[in-house]
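Have a look at the structure below before the remarks.
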Amino acid sequence: MDPGEYARRIAKPNTPPPTSPVPTAAQMKMDFRLASLFPPASGSMLLPGESLATIKAGMLRLKQLREWEMITPPGAVDSDLLYVYVRVASGATLENVRSECFGVPDEMAEWSMLAGWSEEYRMLMVAALPEVLTIRLVYPPRFRTGSTTTAGDVLHHGPLARTNFGLDGTPIPVGVISDGVTNAMMAQASGDLPPALMILNPGSGDEGTAMLEIIHDIAPGSPLGFHAAGTNSVAFTNAVTALATTGHKVICDDVGWYTDPFFEQSTAGIHIANLRSVWDFIHISAAGNDGRLHHQAGFNDTNPIDGWHDPILYATIPPGGVLDVFMQWNESLNAVPASDFDLYLYDSNNLAAGPIAWSTTPGVVGETISHTNTGPTTITAAIYVWKVSGANRTLEIFMEPQNGSSQFTNGTSAIDAVFGHPAHPAVIAVGA
């Protein structure tokens, strides 16, 4: 967006946002999209024109919902399966939560949490368990590899190093974590991968194949292993454990989650640090390259003083385009927050019509919007933050445009854009 257009667009809504609904005690433990599936104590979690069907369509896109046909109890909501993280109080057992899962969940006992599928109509019962602290929808991982070329070998003088120093990776095993190695056998047949691979979990896709090929070009003597990242951060930590305990001395991944903590260490980062205190390996992770998608600043309500944060972020969403927005502030994700901020998406050309998407959950730190433009025209979407209560905090926002959407760089900054396990001191973060 050019400066002139940005100057014309920095208007903010001249009215407060819609009245936030009053959630039930169970909904206070949930993120907004999950809570919106159930009736609140008062108000409505649905905007005009929004329905449970549109919310579930978004969940299907994000692989957070599976349609499930079965008979539900009288008066119960639909019995679709929902993909959730559930965290319980430290020292509490996961047994009661585990029994509410469909199939075998991924568990992380050291953090008293699990990730798994549970029937929709049972979510309120899970939230009512006294030991349950939070229930959040699982967002899919972002894989940060984008190319299968190995030009880096030459740029980093790999051939010269192998010739002059006689080092080719022998005998150091290298493990990779990514989406999958679906076509690894084809790469072995072409000589791009060695005949022997330790594949602990093949996953699906070929980001892993590409990473293994690059490593094999640079360090052709290294034995290679692979474990799929899985579809949630708990499964990812289990993948790290599997590679570390099978002798891999170098583990690298290209995985990240926008729902990882922005202001504190992630469970995955601390897990890697704990593993490294027992097993001899180094861990390398892609830093993310999220600077152009990132905004971080103290809540700033100055232009004019009206309850809305400055500056405003913008994105273009064409018909069928998608924009996901993730916001946190500097309070712990594992405690009831003292401050509350809500996240809104407006059509900047029609502010008077009210928001086109929102997220307002007082019981947890963080708000997330997942919006698909189902209309016939392109939207220039404006991202607004409304302060509900409490002290001013540092806000951090990531935008993830997809399907032809694009973000404007006005208001964005690369400073402090590395988060999750790549930001942990026990992990080496690299550009990718």
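The values are calculated or read from the model by the stated rules, or taken from the named source; none is laboratory data. Please read these numbers as outputs of a predicted model, since none were measured by experiment. Virtual Cβ from ideal backbone geometry, glycine too; neighbours counted across all protein chains shown. Note: accessible area is taken over every heavy atom of the protein model, side chains too, but ligands, DNA and RNA are not part of it. Shrake-Rupley method; radii C 1.70, N 1.55, O 1.52, S 1.80 Å.
Would you mind counting up the charge near Pro261? Only other residues with Cβ under 11 Å from its Cβ, with Lys and Arg at +1 and Asp and Glu at -1. Walk me through the intermediate numbers first.
Values: positive: none; negative: Asp260, Glu264, Glu331, Glu396.
Charge balance in the 11 Å sphere: -4.
Database remark: amide H of Met198 closer than 5 angstrom to the amide H of Leu224, Gly225, Phe226 (H placed geometrically; neighbours at sequence offset of 5 or more, or on other chains; Pro and chain starts carry no H).
Residues in the chain average 43 Å² of solvent-accessible surface per residue, probe 1.4 Å, ligands and nucleic acids excluded. About its Cα centre, the chain has a charge dipole of approximately 260 debye under the convention of +1 per Lys or Arg Cβ and -1 per Asp or Glu Cβ, with nothing else charged.
Each 5 Å bin from zero holds the following percent of Cα-Cα pairs in region 344-396: 4, 16, 27, 22, 14, 11, 5, 1, 0. Across region 83-181, the mean sequence separation of Cα contacts (distance under 8 Å, 6 or more residues apart), normalised by length, yields a relative contact order of 28 percent. Rolling a 1.4 angstrom probe over the chain with all protein chains present gives an accessible area of which 58% lies on carbon and sulfur atoms.
Translational diffusion coefficient, Stokes-Einstein: compute it for region 301-432 using the Kirkwood radius over C-alpha pairs as Rh, at 10 °C and 1.306 mPa s, and state it as an integer in µm² s⁻¹. Intermediate results must be reported in sequence, preceding the final value.
Values: Rh = 16.0 Å.
Answer, rounded: 99 µm²/s.
Mind checking which of Val234, Leu37, Trp117 is farthest towards the positive end of the chain's charge dipole, using Cβ charges of +1 (Lys, Arg) and -1 (Asp, Glu) about the Cα centre? The residue sitting most towards the positive pole is Leu37.
In this structure the amide hydrogen of Ile379, modeled in the peptide plane, comes within under 5 Å of the amide hydrogens of Ile317, none closer than 5 places in sequence on its chain. With q set to 0.10, 0.19, 0.20 Å⁻¹, the log10 of I(q)/I(0) for region 230-345, from the Debye formula over equal scatterers at the Cα positions, is -0.46, -1.13, -1.20.
Pairs of alpha-carbon atoms within less than 8 angstrom and 6+ residues apart define the contacts here; what relative contact order does the chain have, in percent?
Details: 927 pairs, mean separation 71.4, N = 432.
Relative contact order here is 17 percent.
Treating only the Cβ atoms of Lys and Arg (+1) and Asp and Glu (-1) as charged, compute the dipole magnitude of region 101-239 about its Cα centre; round to the nearest 20 debye.
Values: 5 positive and 14 negative charges, 32 e Å.
It comes to approximately 160 debye.
A simple packing score, the average count of other Cβ atoms within 10 Å per residue, orders the peptides 95-107, 29-41, 333-345 as 29-41, 333-345, 95-107, with the highest score first.
Relative contact order (percent) for region 242-369, with alpha-carbon contacts under 8 angstrom and 6 or more residues of separation? If you can, show how the numbers build up before the last one.
On the way: 134 pairs, mean separation 27.1, N = 128.
21 percent.
Values of log10 I(q)/I(0) for region 180-292 across q = 0.10 Å⁻¹ run -0.30, by the Debye formula with one identical scatterer at each alpha carbon and no solvent. In this simple spin-label model, placing a label point 7 Å from the Cα along the Cα-to-Cβ direction at both Ala335 and Thr374 gives a separation of 4.0 nm.
Reachable aspartates and glutamates from Lys387, Cα under 17 Å, same-chain residues fewer than 8 places away excluded? Qualifying aspartates and glutamates at Cα under 17 Å: Asp301, Asp306, Asp310, Glu331, Asp340, Asp342, Glu367, Glu396.
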